[in-house]
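Beneath this line is the structure, given in structure tokens, with notes to follow.
The values are calculated or read from the model by the stated rules, or taken from the named source; none is laboratory data. Only a predicted model underlies this, so the values are computations on that prediction, with no experimental measurement involved. We place every Cβ from the backbone using ideal geometry, glycine too, and count neighbours over all the protein chains shown. Ligands, DNA and RNA are excluded from the accessible area calculation, which covers all protein heavy atoms including side chains. Shrake-Rupley method; radii C 1.70, N 1.55, O 1.52, S 1.80 Å.
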Amino acid sequence: MALSKICRPTPIRLARPQPLSLSLVRTYADNQHSRFNDQHSYKEEKEQWQYRPNGSGDYRVKLLAPTIWALVFSAGAFVVCAESFASHRKQFRESGRNILDILGLGMRGYDDESDQIWKLMNDAQVQMLVGRAHDVSGVAHARAIRRIAHMPSWVPFEVKRSMVIAADKWHRLSRGEKCVYTIAGINAVVFGMWQIPRLLPFMARTFLHDPRSGLSYTMLTSTFSHREVWHLLFNSIALVSFGTTVADVMGAEQFTAFYLSAGVVSSLASHLLAPLRPALLLPSLGASGAVYSVIGATMMMFPRAKIALIFLPFLPFTISQGFPALMAYDFLGAALGWRTFNHVAHLGGGLYGIAYVEWCSSQWSRLVRFVEKRKA
């Protein structure tokens with residue numbers, strides 16, 4: 001008995017992991033900031049505030065490397081998207097022999113596509129699922145329906161019908177709308193990853209931008225990251241409401257480059273100004289800066305567009321009245337050091353959207369022509 005008592009293992013109680021909330025992130029950041037202040041001396045003699053570590057570690061807020069990274073990434077995003085647009089336009093031009101084909105009024109390729117659609121839809125399982133007169137927008141749409149119809153038999157019929165409805169809505173969207181909904185879907189996937197406890201260390205390291213981390217790529221990844229449901233919903237609603245129109249005007253490729261660069265520029269603005277207020281050196285996340293850019297671009301394109309707040313739908317006003325008021329609120333929050341939102345990122349994103357439409361959007365066609373000449 002004595003031996004069994006000695007060898008009996010002591011039960012170990014594992015602490016349940018706590019869900020990571022925005023307040024917990026701020027508490028963590030404040031604790032890290034206090035620890036740095038206790039262990040390292042810092043000086044504010046220069047205009048740029050920096051951590052001054054005594055040991056071998058380097059905890060300074062770097063400014064040059066993130067700025068270079070943001071410029072290189074933004075330029076690369078525009079070049080890659082311009083090459084994609086040029087390739088798409090080249091394929092479109094090669095598909096037509098004359099002006100009628102280019103305008104979509106010719107018959108070249110029409111018979112081949114019709115035959116493919118007919119073969120895909122003239123299937124027993126497809127007709128059993130959607131009937132004989134189901135309207136499709138193209139070959140890709142017909143292939144998607146055929147895949148759904150040939151799913152395993154254990155998949156319920158109602159699930160297949162729901163998938164057909166989703167496929168119909170997706171394939172009838174414009175290319176700009178597909179681009180916007182894809183971005184919203186990525187945001188939702190990243191939000192779901194935040195809900196998995198095992199992924200919290202990875203998410204906090206990869207999808208939070210901390211100015212003191214020395215990482216530059218998090219200026220991009222953090223723009224797809226949301227921790228609170230309300231944060232994700234508000235940004236998604238604003239992105240879909242304003243982004244679909246802007247994407248249709250710009251085109252999917254230009255809007256993709258614009259949105260990615262807007263997210264990086266808004267994060268860079270917050271990063272560069274954060275050292276001026278050491279108490280506000282907190283990890284940040286969210287697509288608000290990029291969404292502000294989209295709203296700013298909408299205001300420049302459609303200054304008389306009528307909008308209304310979700311909770312005040314009976315008080316419509318023009319976007320030229322509402323967006324400057326929102327920017328003024330963020331300017332006040334940035335000046336007074338409010339910590340509810342990242343007001344500096346909001347301001348940077350909004351100004352970038354306005355400046356891009358005013359001065360930079362006309363350069364897109366020049367970039368595309370340059371890419372086409374380089375490929376020729």
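Taking the simple approach of a point 7 Å from Cα along Cα-to-Cβ for both VAL240 and LYS373, what is their distance in nm?
Taking the simple label geometry, VAL240 and LYS373 are separated by 4.3 nm.
First check a/c for segment 300-376, with a ≥ b ≥ c the square roots of the eigenvalues of its C-alpha gyration tensor; if it is under 1.5, answer rounded, and if not, answer prolate when a/b is larger than b/c or oblate otherwise.
Verdict is oblate for segment 300-376.
Using only alpha carbons, build the gyration tensor for segment 143-196 and give me the equivalent ellipsoid semi-axes, biggest first, whole Å.
24, 18, 8
At what distance in nm do the modelled label points of TYR217 and ARG147 sit from each other, each positioned 7 Å from its Cα along Cα→Cβ?
Placing both labels 7 Å along Cα→Cβ, they lie 2.7 nm apart.
Using the Cα atoms of segment 162-237 to build a convex hull, what is its mean projected area in square nanometres?
6.6 nm²
What order do THR223, THR340 take when sorted by accessible area (1.4 Å probe), most exposed first?
THR340, THR223
Run the numbers for LEU63 and SER362: contour at 0.36 nm per residue of separation, minus the present Cα-Cα distance, in nm.
Stretched fully, the LEU63-SER362 segment lengthens by 104.7 nm.
Please report the accessible area of TRP170 (heavy atoms, 1.4 Å probe, ligands and nucleic acids excluded) in Å², nearest 10.
In the full protein context, TRP170 sits at about 100 Å².
Taking the Cβ-Cβ separation of GLN125 and LYS178 as r and a Förster radius of 30 Å, what is the calculated FRET efficiency to the nearest 0.05?
Taking R0 as 30 Å, the efficiency between GLN125 and LYS178 is 0.65.
Around PHE191, under 10 Å between beta carbons, what's the net of Lys plus Arg minus Asp minus Glu among the other residues? Write down the numbers at each step before the final one.
Numbers: positive: ARG227; negative: GLU228.
Charge balance in the 10 Å sphere: 0.
MET128: net charge of surrounding residues, Cβ under 13 Å, Lys/Arg +1, Asp/Glu -1, itself excluded?
On the way: positive: ARG132, ARG146, LYS160, ARG161; negative: ASP123.
Net local charge, MET128 excluded: +3.
Compactness ratio of segment 106-204: Cα Rg over 2.2 N^0.38 Å, N = residue count?
In units of the globular-protein estimate, segment 106-204 measures up at 1.42.
Work through the residues other than ALA149 whose Cβ is under 12 Å from its Cβ and net out their charges, Lys, Arg +1 and Asp, Glu -1.
Taking every Cβ under 12 Å from that of ALA149, the sum is +4.
What is segment 222-267 by shape, rounded, prolate or oblate, if you read a ≥ b ≥ c off the alpha carbon gyration tensor as root eigenvalues and call it rounded for a/c under 1.5, prolate for a/b larger than b/c, and oblate otherwise?
Note, shape of segment 222-267 comes out oblate.
Please say if segment 219-376 is rounded, prolate or oblate, where rounded means a/c under 1.5 for a ≥ b ≥ c the square roots of the C-alpha gyration tensor eigenvalues, and otherwise the choice is prolate for a/b larger than b/c and oblate otherwise?
Numbers: a/c = 1.83, a/b = 1.26, b/c = 1.46.
Note, shape of segment 219-376 comes out oblate.
Stokes-Einstein at 20 °C, 1.002 mPa s, Kirkwood radius from Cα pairs: D for segment 113-161 in µm² s⁻¹?
For the chosen part, D equals 197 µm²/s.
Run through every distinct alpha carbon pair of segment 123-268 and return the Kirkwood hydrodynamic radius in angstroms, one decimal place.
17.8 Å
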